[in-house]
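For reference, the structure discussed in these notes is given below.
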Amino acid sequence: MKKRVFSGIQPSGIVHIGNYLGAIRNWVDMLDKYDCIFCVVDLHAMTVPYEPKEMPNCIRETLMVNMAAGLDPERCTLFVQSHVPQHTELTWILNTCAPFGDLARMTQFKEKSRQHRENVNCGLFTYPILMAADILLYKSEVVPVGEDQTQHLEFAREICRNFNARFGETFPEPQPKYTRVRRLMGVGGKAKMSKSLNNYIPLLAEPEEFFSLLRTAATDPARVRRSDPGTPEKCNIHTMHLGFSSQEDIAWCEEGCRTAGIGCVDCKKRLAGNMDHSLAPVRERYKKYADQPDYVEDVMREGARQCTEWAEKTMQEVREVTGLR
Ligand code: AMP
Ligand code: TRP
């Protein structure tokens, strides 16, 4: 039997190349080797301010971009979190196995509560418990995520151990899985690429947008002048080359940077071309899905049906072992 994989993405409306290189590309590579479930986590997205009227559109958009990026609905299960109410039911039960002290140490909570001082709600605080429920509900064994989710995943593992110790072996302990690019920095070079910091390159950028976004992007700060040699490993543009360029181009960029044989602009131009080239099929598929809203609805409905069946099976077992019957 194939191992169960679960991962989620928030319906923020924009999918960027950080999501793609850090997570989605990994998901696509896992489609045939694992039994994969991918989820648009709308309940998680409610923990920060949002416009309710725009939410349905953001959910569909996020789903379509992921399908366009290669999550073929024929080879995995795609669904929307709130369509399967068992997620919230299990969250409550896991609340009782989640150590308060560890939650208070979550860096994402600290960051987000700083970003949204006007709305530091309890959902933002218990966010990682809902994430643990997402994973455990399907007895998932492998969770492909970017490095920013490491702490949340460690917490989910702890909840899993606590539950099993208290109620008997019920859930397998989920393991993280990372890509070569675990954490992509934003164009400013100082913080991770993220929608909320507005330092991102959209996955669906138009061909001419790639270079215009890269043109002013941070590089190795040692390369002040064209003649100053640099260290590719210290440059975010190099990290992007690792994601989008051929071995030959990566070698060209590394050698040229170390010897000052090429300038940063040359390096960025080559990268922009490679990004455009590798993402052209994603843009094409996106257009195809955008023209088939009924198909996208069908995918969502079938995903919800299938996941509800799996989730209910787990919940029956959970209700049994916890004495809720
Ligand atoms: P989110 O959009 O926050 O729901 O993230 C979806 C997935 O993308 C998660 O697995 C994240 O860890 C991953 N991710 C988000 N931003 C980055 C980044 N800048 N670098 C690498 N992975 C990322
Ligand atoms: N918290 C993840 C993020 O912000 C999204 C997420 C929700 C997730 N539930 C999950 C990821 C379960 C992996 C498994 O990126």
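A short reminder: the numbers here are calculations on the coordinates, not readings from a lab. Keep in mind that what you see is a predicted model, and the values were worked out from it rather than measured. Here the Cβ positions follow ideal geometry from the backbone for every residue, glycine too, while neighbour counts run over all protein chains shown.
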Problem - Crossing angle, helix 247-258 versus the chain [Cα axis fit, 0-90 degrees, rounded to tens] - result: 60 degrees
Practice task
Can you tell me the dipole magnitude for the chain around its Cα centre, using point charges on the Cβ only (Lys, Arg +1; Asp, Glu -1), in Debye to the nearest 20?
Solution key: 860 debye
Problem - Magnitude of the charge dipole, the range 31-71, Cβ model with Lys/Arg +1 and Asp/Glu -1, debye to 20 - result: 20 debye
Practice task
With a 10 Å radius around each residue's Cβ, average the other Cβ atoms per peptide and rank 220-231, 18-29, highest first.
Solution key: 18-29, 220-231
Practice task
Give the shape of the range 207-286 as rounded, prolate or oblate, defined through the alpha-carbon gyration tensor: a ≥ b ≥ c are the square roots of its eigenvalues, a/c under 1.5 means rounded, and otherwise the shape is prolate if a/b is larger than b/c and oblate if not.
Solution key: prolate
Problem - Mean Cβ count within 10 Å, highest first, over the residues of peptides 46-56, 309-319 - result: 309-319, 46-56
Handout entry: Residues whose placed amide H lies under 5 Å from that of LYS192, excluding near-sequence neighbours
Key = GLY186
Exercise for the section: Assign unit charges at the C-beta atoms only (+1 for Lys and Arg, -1 for Asp and Glu), then state the dipole size of the range 207-286 relative to its Cα centre in Debye, rounded to the nearest 20. Expected result: 240 debye
Problem - Residue among GLN81, GLN292, GLN151 with the largest mean-square fluctuation in a Gaussian network model of the chain, springs linking Cα atoms under 10 Å - result: GLN292
Problem - Positive dipole terminus of the chain, leading residue within PRO73, VAL40, ASN121 (C-beta point charges) - result: ASN121
Fill in the blank from the handout: With a 18 Å threshold on alpha-carbon distance, the violating pairs from LYS192/LYS269; LYS53/LYS192; LYS33/LYS177 are LYS192/LYS269; LYS53/LYS192
Problem - Packing-based ranking, highest mean first, of 94-101, 60-67 given that Cβ atoms within 10 Å are counted - result: 60-67, 94-101
Completion exercise
In the range 207-286, taking the dipole from +1 charges on Lys and Arg beta carbons and -1 charges on Asp and Glu beta carbons about the Cα centre, the listed residue (PRO229, CYS267, GLY256) farthest towards the positive end is PRO229
Exercise for the section: Using the 4.7 Å Cβ rule, please list in number order the cysteines from the chain without any candidate partner. Expected result: CYS39, CYS58, CYS97, CYS122, CYS160, CYS235, CYS253, CYS257, CYS264, CYS267, CYS307
Practice task
Would you work out which of THR239, ILE159, PRO176 lies farthest towards the positive end of the dipole of the chain? Charges go on Cβ: Lys and Arg +1, Asp and Glu -1.
Solution key: THR239
